[in-house]
Amino acid sequence: MGAGRSYPSDLDVKNSETQSSKRAPTTKPPFTLADIKKAIPPQCFERSLIRSFSYLVHDLTVVWILYYLATTYIPQLPHPLPYLAWPVYWFVQGCVFIGIWVIGHECGHHAFSDYVWVDDCIGFVIHSCLLTPYFSWKISHRRHHSNTGSFDRDEVYVPKTKSKLGSSAFYLDNPIGRTLTLAVKLSLGWYIYLSINAAGRPYDKFASHYDPRSPIFSDNERVLILITDIGLVSFSWLLYKMATFAGFANVFVSTEVR
Ligand SMILES: [Zn+2]
């Protein structure tokens, strides 16, 4: 801390907040989306099927190598080291799998190839295998990107204003409460959002990514939600069959079939 440094008074802070409010972008910016696109080099918009597939093959290869190393060497570790090694494997493998999930996300944005049907087929298989509803989420996620940060129209996360906070916010506003909230959001939040649209944009009737009648979707999109559900049920059934064949613990720990 240098000598002579002065700290802002309460009045300074208040004035600065007022200045921030004045600077809030309530008018249209002096450029358009087309101007931003023009400033980006054109090669950034070129899609390459071969390069996209190479990313997918690369990630799947890393998944296989990690799986092979884990299932070969972790069982050989002396007790109780496997109890430590398996969660480390889950974390590392999860980091690679999120890369595969992001490739599915890119398919939803039609960034994988020049062919929409190829993008949809690859994205549908990838996301179904990762228990993500491909078409349902693709549709709502597109709307999220066009309304990001809007209190009225953002699809995914609409923060509550102070006046709308319930009593739970008061009880959870402490280190333990915040830790619990984070734990639930990071472990189950994604599935709760998909199932009941928790924290999402309010609709006048029940909204769910699994329900073809949900108000999230238009009439001509409902068949895609049905296809999405068939993909999820099919992969869940495959997991169930693997569990009956190899044992639940094997599937849970390493998705291992001997
Ligand atoms: Zn996106």
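The values are calculated or read from the model by the stated rules, or taken from the named source; none is laboratory data. Keep in mind that what you see is a predicted model, and the values were worked out from it rather than measured. Here the Cβ positions follow ideal geometry from the backbone for every residue, glycine too, while neighbour counts run over all protein chains shown. The area values use the complete protein model at the heavy-atom level, side chains included, leaving out ligands, DNA and RNA. Shrake-Rupley method; radii C 1.70, N 1.55, O 1.52, S 1.80 Å.
Can you tell me the order of 109-119, 156-166 when each peptide is scored by its average per-residue count of other Cβ atoms within 10 angstrom, highest first?
The most tightly packed comes first, giving 109-119, 156-166.
Add -39500 (n - 2.57) for each DSSP H run of 4 or more in the chain, then divide by its residues: what number comes out at 222 nm, to the nearest 500 deg cm²/dmol?
Working: 11 runs with 160 residues, N = 258.
Computed mean residue ellipticity for the chain: -20000 deg cm²/dmol.
Need the full-extension length gain, ILE36 to LYS185, defined as separation in residues times 0.36 nm minus the C-alpha distance. One decimal, nm.
Working: separation 149, 0.36 × 149 = 53.64 nm, distance 3.44 nm.
Between ILE36 and LYS185, full extension yields 50.2 nm more.
Distance cut-off 28 Å, Cα to Cα: go down the list LYS38/LYS138; LYS138/LYS164; LYS37/LYS162; LYS37/LYS160 and report the pairs above it.
Numbers: LYS38/LYS138 26 Å; LYS138/LYS164 30 Å; LYS37/LYS162 37 Å; LYS37/LYS160 33 Å.
Beyond 28 Å: LYS138/LYS164; LYS37/LYS162; LYS37/LYS160.
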With equal scatterers on the alpha carbons only and no solvent term, can you work out the Debye log10 of I(q)/I(0) for the chain at 0.14, 0.15 1/Å? -1.23, -1.31
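Sorted from largest to smallest, which semi-axis lengths in Å does the alpha carbon gyration tensor of the range 108-258 give for its equivalent ellipsoid, taking the root of 5 times each eigenvalue? Let's see the in-between values first.
Working: eigenvalues 179, 118, 37 Å².
After scaling each eigenvalue by five and taking roots: 30, 24, 14 Å.
Accessible area per residue, 1.4 Å probe, Å², for the chain: what's the number?
Numbers: 18330 Å² over 258 residues.
Computed with neighbouring chains in place, this is 71 Å² per residue.
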Once you treat every alpha carbon in the range 159-244 as an equal point and sum by Debye, what is log10 I(q)/I(0) at q = 0.24, 0.26, 0.27 Å⁻¹? -1.18, -1.26, -1.30
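Nearest 20 debye, what's the magnitude of the dipole of the chain about its Cα centre given +1 on Lys and Arg Cβ and -1 on Asp and Glu Cβ? Spell out each step's value before the answer.
Numbers: 24 positive and 20 negative charges, 117 e Å.
Using only the charged Cβ atoms, the result is roughly 560 debye.
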Roughly how tilted is helix 49-73, in degrees to the nearest 10 and between 0 and 90, from the longest Cα axis of the chain? 60
For the pair GLN43/PHE252, report the inter-label distance in nm, with labels modelled 7 Å from Cα in the Cβ direction. 5.0
Carbon-plus-sulfur fraction of the accessible area of the chain, 1.4 Å probe, in percent? 67
Tell me, what is the FRET efficiency for ALA169 and LEU77 to the nearest 0.05, using R0 = 30 angstrom and their Cβ-Cβ distance as r? 0.10
Label-point separation, ILE230 to ARG213 (7 Å along Cα→Cβ), nm: 2.1
